[in-house]
Amino acid sequence: MCGRYILTSPNDAMERVFNTPAGMPIPPHYNVAPRQPVLIVRRDDKGNRRLVAVEWGLVPEWKKEIGDKPLINARIETVVEKPSFRSSIKRQRCLVPFDGWYEWKTVNGRKQPYLISPVEGGPMAFAGIWSVWHGPEGDHWLETMAILTAPTEGPMKSLHHRRPLVVRPEDYSAWLTPHDPLPRGFLESFQFVPETAFHWRAVSRVVNNVRFNGPECLNPAEEETQHSLF
């Protein structure tokens, strides 16, 4: 799954990779958490890519209340059928820029965070979906997103049994193009970035606290050895 991630690339890198103007300078974020404002890339009404801010934790448009537990991830195996996601996966897919994400495992009885990052550097993009919630009276405007996940298949299993899906740059346009209905085999047609494109290492436990959002989150963990997916 994906419950925290980082986005530290400067504006020029974001503009180059996603072919969209970044606008105002984007401050680095080293500990992005659910329910926070995050950046996504999506198509506007004219088909142009736009970098916009939404909230992480999808609220389906038909929900009467926001609820206490945000839907931060959507399983690719069930995203087409689930009422919370089936509208968004057809018409409102997005890219979620990132430079790495965190997973946890128990080490010596304590939760140890690990940073998983691209071997060749970022930014890259999670496969995402978004939605607009107007509230039961139609008087709200809240845009939210969720990240698609799939089972881990290789060494990453040692960290977690699921992983976020990462879209290949050559598939960005196809992922962002809406379809209703969704073509048969649409999701299966994507070859998402493989696990071998990432490496991982133990980092500081300050990541466990969402109040820490600076470069100290990337400090090496004490008495931990760097690992690799290779």
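Just so you know, all these numbers are worked out from the coordinates, no wet-lab data involved. Worth saying up front: this structure is predicted, and the values here are computed from it rather than measured. Positions of Cβ are generated from backbone atoms using ideal geometry, with glycine treated the same way; all protein chains shown enter the neighbour counts.
Of note:
- Computed label-point distance, nm, for sites ARG91 and VAL132 using a 7 Å Cα→Cβ extension: 1.0 nm
- Gyration tensor verdict on the range 90-199 (Cα atoms; rounded if a/c is under 1.5, prolate if a/b is larger than b/c, oblate otherwise): oblate
- Cα gyration tensor shape for the range 95-151, rounded if a/c is under 1.5, else prolate or oblate: oblate
- Maximal additional length on extending the LEU182-ASP139 stretch stands at 12.5 nm, based on 0.36 nm per residue less the C-alpha distance.
- Segment GLU216-GLU120, extension gain: residue separation times 0.36 nm, minus the distance between their alpha carbons: 32.4 nm
- Inter-label distance, nm, simple model (7 Å from Cα along the C-beta direction), ASP12/ALA197: 2.4 nm
- Computed helical MRE - 222 nm, the chain, DSSP H runs ≥ 4 contributing -39500 (n - 2.57), nearest 500: -2000 deg cm²/dmol
- Model label sites at HIS161 and GLU61, defined 7 Å from Cα along the beta-carbon direction, differ in position by 3.4 nm.
- Relative contact order computed over the chain (Cα-Cα under 8 Å; 6+ residues apart), in percent: 22 percent
- Cα-centre dipole for the range 40-126 with unit charges at Cβ (Lys and Arg positive, Asp and Glu negative), debye to 20: 220 debye
- Sites matching GluC sites (Glu not before Pro) across the range 1-78 that sit in DSSP coil, with at most 16 neighbouring C-beta atoms within 10 Å: GLU61, GLU65, GLU77
- Estimated FRET transfer efficiency when R0 is 41 angstrom, pair ARG35-SER173 (beta carbons, to 0.05): 0.85
- In the range 166-208, the trypsin sites (Lys or Arg not before Pro) that fall in loop regions by DSSP, at most 13 other Cβ within 10 Å: ARG184
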